Each structure stands twice: as structure tokens, then as C-alpha cells.
Amino acid sequence: MFKISNKYKNQRPKDQNIMGFATIAIHSGQEPDPTTGAVTVPIYQTSTYAQDGLGRHKGYEYARTQNPTRTAVEKNIAALEGARFGFAFASGMAAIDATLRLIKAGEHVIVSDNTYGGTARLFTKILANYNIEFDFVDTSDALNVEAAIKPNTKMVFVETPTNPIMTVTDLKAVAEVAHRAGARVVCDNTFMSPYLQRPLEFGVDIVVHSTTKYLNGHSDGIGGMVVLNDETDANWIGFVQNSAGAILSPFDSWLVIRGTKTLALRMEQHDKSGRTVAAFLEEHPKVHKVYYPGSASHPQHALAKRQQRGFGGMVSFDVGSLEAARIVLESVKLCTLAESLGGVETLICHPATMTHASVDPDKRQRLGITDGLVRISVGIEDTDDIVADLDQALKKL
Ligand code: P1T
């Protein structure tokens, strides 16, 4: 029903009218319920549907296969990413696993060397057992991707910005290199959300999300999404979703569509406070290094400005040692020490022992995931309160 106007494409929110995005977020896939007129899509908490006769039904047979609440979230997020098809899964990992089912034994996948630890674990510890070959490269330079391509390369899987080092990959450049070799490009867009980055506009083929993060936005549900335009691949993802069955439940689907209604507003605030927190940390004498694409000193700052509509609320910083990190993490009062990100509340974590504990220690060191690294998901509380909390914690060093 709603289409994002061309005016929206690749432009920063402050430069233009963003009504298109917010309107899509509130209405797409969410027409009033046909039976009652309920304005909010109901939670269809049912496992099956009564059929009128043999082979005669209302398009719904069994709830692993179809559920109207899930259909609503699938249409909604596909529209937000500018995609034709969307599939909702029980978690971000289930969505990534289903996407990798496009790859067959004997084929090769190139992956960003710094991804969420769980993604690297799925690839190296499970899927590699099925004769799928993985090479991890620094995708921030498309030449590294080009150099890693082999005759059997069928997918390039990028995370941008990466978790937790915030390395940015040039999606257009990587898509060109991958497509020349006949490989699909998948982008994990969890850190940005479609409000700040729409990878399909740069030639990416498939976008995956952990909806657990910004799309849900309230830290009250685990979920994942796959969105794409290619009909053949979409049919396969749908087939995998139904056959393997890692579907998003009706209640969790409902939580995500409730969340996306405020995505535009929330992302504006995450972005605003993220910039302020990063600037505060950059000036702080006890902070050795800040990783934030919005900082002028970030190696891909210019690319991030071009490719993203903002820089978001994820900031990592290094305080030099495990002991210093422990003091900061145990001294914060407003920020909550916890895994995850993208919720309204500020979360703070220690990647080396939490989100990236499954990554080999040598590789962690090489990537910059040191024992002194701290990651913050800047929430939408009052910015001054977040900064004051970090300030009092850093004063303990
Ligand atoms: O947790 P789940 O919904 O399965 O999503 C996995 C996932 C996928 N991709 C990215 C970029 C992620 O950050 C995650 C999950 N990350 C965390 C739990 C975390 O604290 O980093």
C-alpha cells in the first residue's frame, strides 16, 4: 500500500521528509482486522485452523506454515527494508541459519572477520561440519573480498557496522565484486535497523536481522527476520521456514510490530545520544580508544556518512585492561550490565567474556576485542543521565 519515495533513498533523515518511513512502519502489513475491525493486528494464538471441507480453507491450514500475526510482521519489515519478501524466525540465529540453507555442501562462503560471536560459532562449529567452506576476511576493503573469491564461492556474508568493533563495509563495492563472481551478498543489518541503513539499495541480495534488538526495541522478545527480492531464493527460505520450523511465535510477532511503530522515533534518539556518548568518551582521559563510525577519527567515517542515515547507538571503547573494564562495568548504576542491545534502556557489556566469548582468544586479540573493551548500547533515557553514569563509573579508575 505504501511505497518509500525515491526522495527517501540514501538521504539522511535531517535532510528530507521522513514521513514515508514512519508511515510504512505504522501501517504496512497492519490493516484493521477483517473480522472485527480491530485497529491493532490481533495475536492469533492458535496452532491450527478449521477447514470448510476437504481442500477448502481460508488460506490458513496449520500455524507453523501460516499465521496472520506473523504475516503482519513479515510484510511490515519487508516494506521497511524495501524488499518484496520477508520471513520471521524464532531468533536472529535461526534467521541466519535458514539463510545459510541456500548454500550446499562443497560451496564456499566469505564472511566479515568480525561478526557477532554466535554467527561465527554457527558457521565454524556447526555448518563447517556439513562441508560448507568459510573464509573470514576484513570486508571493509572490497579487495580482500575479491582476493578470497574461489570458483565455488556462492555467498558473501557481511555485518556492517560489525559487532563490537564497528567496522564499516562498503556494501556497493562488495556487491559488485560478489555479483561478478555469481555470489549472493547477505547483510546483517541488526546494528543499524532499516531506519539508518537499507542494504538492498546498495545491491545487497538478502538482509537478516536479530529483531531481538532495535526492531523489537523493548528487550522483551527474541526473534529474527530474513528479507529479500529474489523470488527463487524467497521460495527456498519459505520452504526452509516451514520445513525446519524455527518460526516466530504469534505473541513475539506482535511484540515486534508493536516495536516497529516507534522505530523512527527511537532510532533518532539512539543516534543523537550515541553521538553524545561517543564524543564524551573520546575526550575522557581514562579511555584509550573509542569505536564509533560517527567519530571523525573512525577509519570508515566518510563511508558511514554516505551509506548510513545516522551512526546509531552502539559505541565500544577500550579502557586498557580487564581490571579497568571490571571496575567500569561494576560501577555503573543506570546502565545495565547485560548481553544484547537495541532496547530503550542502556545496556553495557564486556564482549571478550560475554557476546564474543565463543571467538578464539587469538582472533579476538587480532580484531581488537581486548579484555579492556567495553560495549554500550546507548538507550533512550535522558542523554545527560547516561553520560553522568559513565562519568561517575570512569572516575573510579
Ligand atoms: O540473539 P539472536 O536474536 O539470535 O540474534 C543473534 C545476532 C545476530 N546478529 C547480530 C549482529 C547480533 O548482535 C546478534 C545477537 N547479539 C547479541 C546478543 C549481542 O549482545 O551482541
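Using a 1.4 Å probe over the heavy atoms of the protein chains, calculate the carbon and sulfur portion of the accessible area of the chain as a whole percent. Can you show the working numbers first?
Values: 8890 of 16500 Å².
Carbon plus sulfur share of accessible area: 54 percent.
So, in nm, how far is label SER358 from label LEU322 when the simple model puts each one 7 Å beyond its Cα toward the Cβ?
The modelled label-to-label distance comes out at 2.2 nm.
Starting from 0.36 nm per residue, how many nanometres of slack lie between ASP385 and LYS125 once their C-alpha separation is accounted for?
Numbers: separation 260, 0.36 × 260 = 93.60 nm, distance 4.13 nm.
Value of the extension gain: 89.5 nm.
What Kirkwood Rh does segment 83-123 have if only Cα atoms enter the pairwise 1/r average? Answer in Å.
Values: mean 1/r = 0.0855 Å⁻¹.
This gives a value of 11.7 Å.
If only Cα atoms are counted, what is the Rg of the chain, and what is its Dmax, in Å?
20.9, 73
For the chain, modelled as a GNM with alpha-carbon contacts under 10 angstrom, which of PHE191, PHE134, PHE239 fluctuates the most?
Taking springs between Cα atoms under 10 Å, the residue moving most is PHE239.
Out of HIS179, HIS284, HIS57, any idea which swings most in a Gaussian network model of the chain, alpha carbons joined below 10 Å?
Among HIS179, HIS284, HIS57, the largest GNM mean-square fluctuation belongs to HIS57.
Could you grab the Rg to Rh ratio for segment 263-394? Cα atoms only, Kirkwood for Rh.
Values: Rg = 14.0 Å, Rh = 14.9 Å.
In segment 263-394, Rg relative to Rh is 0.94.
Whole-Å semi-axes of segment 133-213's equivalent ellipsoid, largest first, each the root of 5 times a Cα gyration tensor eigenvalue? It would help to have the intermediate numbers written out before the result.
Details: eigenvalues 85, 34, 25 Å².
Whole-Å semi-axes of the equivalent ellipsoid: 21, 13, 11.
Kindly rank 300-310, 220-230 from highest to lowest mean number of other beta carbons found within 10 Å of each residue.
Details: 300-310: 19.7, 220-230: 22.9.
Ranking, from highest mean packing down: 220-230, 300-310.
Give LYS154/LYS305; LYS272/LYS305; LYS213/LYS286; LYS213/LYS305; LYS154/LYS213 a once-over and call out the pairs whose C-alpha atoms are over 24 Å from each other. Intermediate results must be reported in sequence, preceding the final value.
On the way: LYS154/LYS305 29 Å; LYS272/LYS305 14 Å; LYS213/LYS286 29 Å; LYS213/LYS305 22 Å; LYS154/LYS213 28 Å.
Pairs exceeding 24 Å: LYS154/LYS305; LYS213/LYS286; LYS154/LYS213.
Where only protein heavy atoms count, and the probe is 1.4 Å, what is the accessible area per residue for the chain in Å²? All intermediate terms of the calculation are to be shown ahead of the outcome.
Values: 16500 Å² over 397 residues.
Here the residues of the chain average 42 Å² of exposed surface.
Between segment 53-88 and segment 317-376, what is the separation of their alpha carbon centroids in Å?
38
Can you list the aspartates and glutamates whose alpha carbon is less than 13 Å from that of LYS396, not counting same-chain residues fewer than 8 positions off?
Reachable aspartates and glutamates: GLU323, GLU330.
The values are calculated or read from the model by the stated rules, or taken from the named source; none is laboratory data. None of these values were measured; they are calculated from a predicted model. Note that each Cβ is placed from the backbone with ideal geometry, even for glycine, and that neighbours are counted across all protein chains shown. Side chains included, ligands, DNA and RNA excluded: accessible areas come from the protein's heavy atoms. Shrake-Rupley method; radii C 1.70, N 1.55, O 1.52, S 1.80 Å.
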